[in-house]
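One structure below.
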Amino acid sequence: MKFKTLSFAVLTSLSLIGCGGGSDHNNSNTDNNNTSNTHPSGNNGSTGNENQPNRQITQWSNFRTDYHYKNNVNLSLDITHTQFSIVNGKLYAILDDYDDQEIYLTTTGEYLAIGPINSQYGALLGDITVKNDQFTIYPYSKIGSKGLVFTHDNKRIDLSGKPVLVTIDPYLNWNVNYPQLNDNSFDPEFFNKLKGYQKLNFPQGSVCLQETKYTNNQSYLSLFQSSNDNKKLFEDYAASYLNHINHGYAKLTQFFNATAYLYSSDQNPENAQHGVANYQDNYYSAYLEQQGIEYELAEYIQETKDKANNPNLSAEAKAAYLAYANDLSQGCDLYNDVAIKFLKQNIK
């Protein structure tokens, strides 16, 4: 559960949220002004405890929407929000489930998604530096590993007076505007609720961060528990690899003493990403993330625009794709306290 703040389903995950926690990186705590000089809600506040009575904090919250069928008949909106606190070069999050652990293995180290729990701020997610709304996060490692870095480029947006639904969920907003062109069939009650949300506008003082790019500085293997069948899957993948049953399997051993068998849908082992791993006598689902850009909003928007150029599309469908690209450009990921208070009160 890396610190992926996307509130609209562009990727898998991350994803909440959560990025790897934080070790004592040499450069992460040297300049606290980077993390506390601008409070997103417009006030430079401080909060105290017995140890540090003048501790400066910066807080952002994400707001995610999803929907499911209630009683197999009517759709219901699922809402989750997580508060993140930057406190003296450390990043914390108050999570619904602190047991949803994820492990990141590089060739030389081990990192955890969720570190020690602070009673006031939640789970330690990592050391962090902030410059011009760019977050640089150094994952937590209980064994002292150093080197892995996640970088989030963000665009700050003044939301005052701007529409709510397209901001918190561009895809859901697009579904409401073009119900005839997608596979989702909303019941009238749910559809009318969403139409009502489209009429809402953010109050003055609302600010958000839109994540424009998410990168890492080295390849890593992500391990997580997804089922009780990982051991059996590991044995099956290993047999397929060793017996050359399918050329799409790859064996990895370079990620911090883990053994992983991954599979590629295009039958090319060099592209294998998903699979299972054995690490310290435990079995996990595994995903290989290559070094570099993991997500870029501009690329996703361009891919959506490119779909509009399909000569086989109707004029209506082309217009719909272009509208969705525009909606994506308005989506936000993290909100200040003014915006999140309004969302909690009005989106239910």
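List of remarks:
- Lys231 versus Asp133: modelled label distance in nm, points set 7 Å from Cα along the beta carbon direction: 5.0 nm
- Equivalent ellipsoid semi-axes - Cα gyration tensor, the range 220-289, angstrom: 17, 13, 11
- On a per residue basis, the range 220-289 carries 56 Å² of accessible surface, using protein heavy atoms and a 1.4 Å probe.
- Annotation for the range 166-234: trypsin sites (Lys or Arg not before Pro) lying in DSSP loop with at most 15 further Cβ atoms inside 10 Å of their Cβ are Lys199.
- Extension gain, Lys155 back to Ser219 (0.36 nm per residue minus Cα-Cα distance, nm): 20.5 nm
- Counted charge near Ala325, where neighbours are those whose Cβ lies closer than 15 Å (Asp, Glu -1; Lys, Arg +1): -2
- Surface composition of the range 229-348: carbon and sulfur atoms hold 46% of the protein heavy-atom accessible area at a 1.4 Å probe.
- Dipole moment magnitude, nearest 20 debye, the range 220-289 about Cα centre, only Lys, Arg, Asp, Glu C-beta charged: 100 debye
- Assigned charges on the beta-carbon of Lys, Arg, Asp, Glu; the range 231-348 dipole about Cα centre (debye): 380 debye
- Pairs of Lys in the range 229-348 closer than 24 Å at Cα, counting only those 8 or more apart or on different chains: 4
The values are calculated or read from the model by the stated rules, or taken from the named source; none is laboratory data. Keep in mind the model is a prediction, meaning the values are calculated, not measured. Cβ sites come from the backbone with ideal geometry, for glycine too, and all protein chains shown count toward neighbours. Protein only, heavy atoms only, side chains kept; ligands, DNA and RNA dropped before computing areas. Shrake-Rupley method; radii C 1.70, N 1.55, O 1.52, S 1.80 Å.
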